[in-house]
Amino acid sequence: MQLPIAPFIFLNFLLAAVYLQCRSALPVDMADHGLSASTVGLALSVNGILVVVLQPFASHFAGSSRLLPKFITASVVIGLGFFLHGFWNSQIGYICSIAVWTLGEVVLAPLGSSLIAIWAGAEEQATHQAAYFFAWNLGVAVSAPVGLWGLEYLGSTIFWSCTGALALIVALGHIVLANFYPYGEPDA
């Protein structure tokens with residue numbers, strides 16, 4: 001079944017713009033709250049450690065049932081983790097917030113490719129996969145300048161609240177999109 005995937009790609013671009021704040025606005029915000037460069041690195045390493053430990057379970061999880069609840073869960077958990085940065089701005093607070101959005105990342109990682117495999121015909125899979133990953137690369141280009149601007153002009157609490165709200169909008173977008181496109185098959 002071939003389906004137009006532009007709305008799905010756009011939702012993933014928006015979520016990438018939230019998630020990729022971990023590479024731009026988050027380290028700046030951590031430093032602004034008095035964390036040293038080594039402490040920032042230590043806190044951000046929690047992401048890598050959790051991904052390595054949890055990712056082997058994510059592939060099984062992605063293929064085990066319907067994908068819509070997983071896209072919603074991943075978006076909400078990523079949004080919650082980034083939202084918490086606006087309020088938990090101590091070393092342990094940042095580590096806990098990073099752990100939260102990392103859980104969303106681990107859930108999200110295998111989902112896009114799985115859904116594109118369902119949606120795209122065999123002749124369109126490469127094109128659709130490329131568009132999906134392009135959305136994430138575009139997120140890299142957009143998230144840093146927008147995030148740093150937002151952090152500077154909105155302040156930490158409002159900025160991180162906006163990232164959480166944007167991730168919730170993505171979750172709602174998946175719910176709306178599911179009314180038009182199948183998000184996988186229910187468990188047998």
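Things worth noting here:
- Residues in segment 36-48 that are part of a helix (DSSP H, G or I) and either among the polar types (S, T, N, Q) or over 17 Å from the mean Cα position of the chain (by Cα) (or both): Ala37, Ser38, Thr39, Val40, Gly41, Leu42, Ala43, Ser45, Asn47.
- When the residues of segment 103-128 are filtered to those that are farther than 19 Å from Gln55 by Cβ and of a type in the set (S, T, N, Q), the one that is surrounded by the fewest Cβ atoms within 10 Å (Cβ to Cβ) is Thr127.
- Scanning segment 173-183 for residues that are in a helix (DSSP H, G or I) and out of contact with any Leu (no Cβ under 9 Å at 6 or more places or on another chain) turns up at least one hit.
- Among the residues listed as Val176, Val140, the single one being β-branched (Val, Ile, Thr), surrounded by fewer than 17 Cβ atoms within 10 Å (Cβ to Cβ) and in contact (Cβ under 8 Å) with a residue 40 or more places away in the chain: Val140
- Flag for Ser161 being more than 15 Å from Leu14 (Cβ to Cβ) and of a type in the set (Ser, Thr, Tyr): yes
- In segment 84-99, residue surrounded by the fewest Cβ atoms within 10 Å (Cβ to Cβ) [restricted to those that are touching a residue at least 40 places away in the same chain (Cβ under 8 Å) and of a type in the set (A, V, I, L, M, F, W, C)]: Phe87
- Scanning segment 101-151 for residues that are of a type in the set (Ser, Thr, Tyr) and under 18 Å from the mean Cα position of the chain (by Cα) yields Thr102, Ser113, Ser114, Tyr132, Ser143.
- Residue in segment 153-168 that is surrounded by the fewest Cβ atoms within 10 Å (Cβ to Cβ), counting only those that are over 12 Å from the mean Cα position of the chain (by Cα) and over 14 Å from Phe87 (Cα atoms): Tyr153
- Counting the residues of segment 65-118 that are among the small types (Gly, Ala, Ser), within 23 Å of Ile9 (Cα to Cα) and assigned to a loop (DSSP other than H, G, I, E, B) gives 2.
- Hits in segment 1-24 (condition: more than 15 Å from the chain's Cα centre (by Cα) and either in a helix (DSSP H, G or I) or not hydrophobic (A, V, I, L, M, F, W, C) (or both)): Gln2, Pro4, Ala6, Pro7
- Subset of segment 57-83 [surrounded by fewer than 14 Cβ atoms within 10 Å (Cβ to Cβ) and of a type in the set (Lys, Arg)]: none
- Selected residue (only one of Leu54, Leu50, Leu20, Leu42 is surrounded by 13 or more Cβ atoms within 10 Å (Cβ to Cβ) and over 14 Å from Trp101 (Cβ atoms)): Leu42
- In segment 100-127, the residues that are within 21 Å of Val170 (Cβ to Cβ) reach residues that are outside any helix (DSSP H, G or I) and of a type in the set (Gly, Ala, Ser) with C-beta atoms within less than 7 angstrom, at least six apart or across chains, in these pairs: Leu115/Gly184; Ile118/Gly184.
We did not get these values from a lab; they are worked out from the coordinates using the rules stated. All figures in this text were calculated on a predicted structure; none of them were measured in a lab. Heads up, the Cβs are rebuilt from the backbone with ideal geometry, glycines too, and the neighbour counts pull from every protein chain shown.
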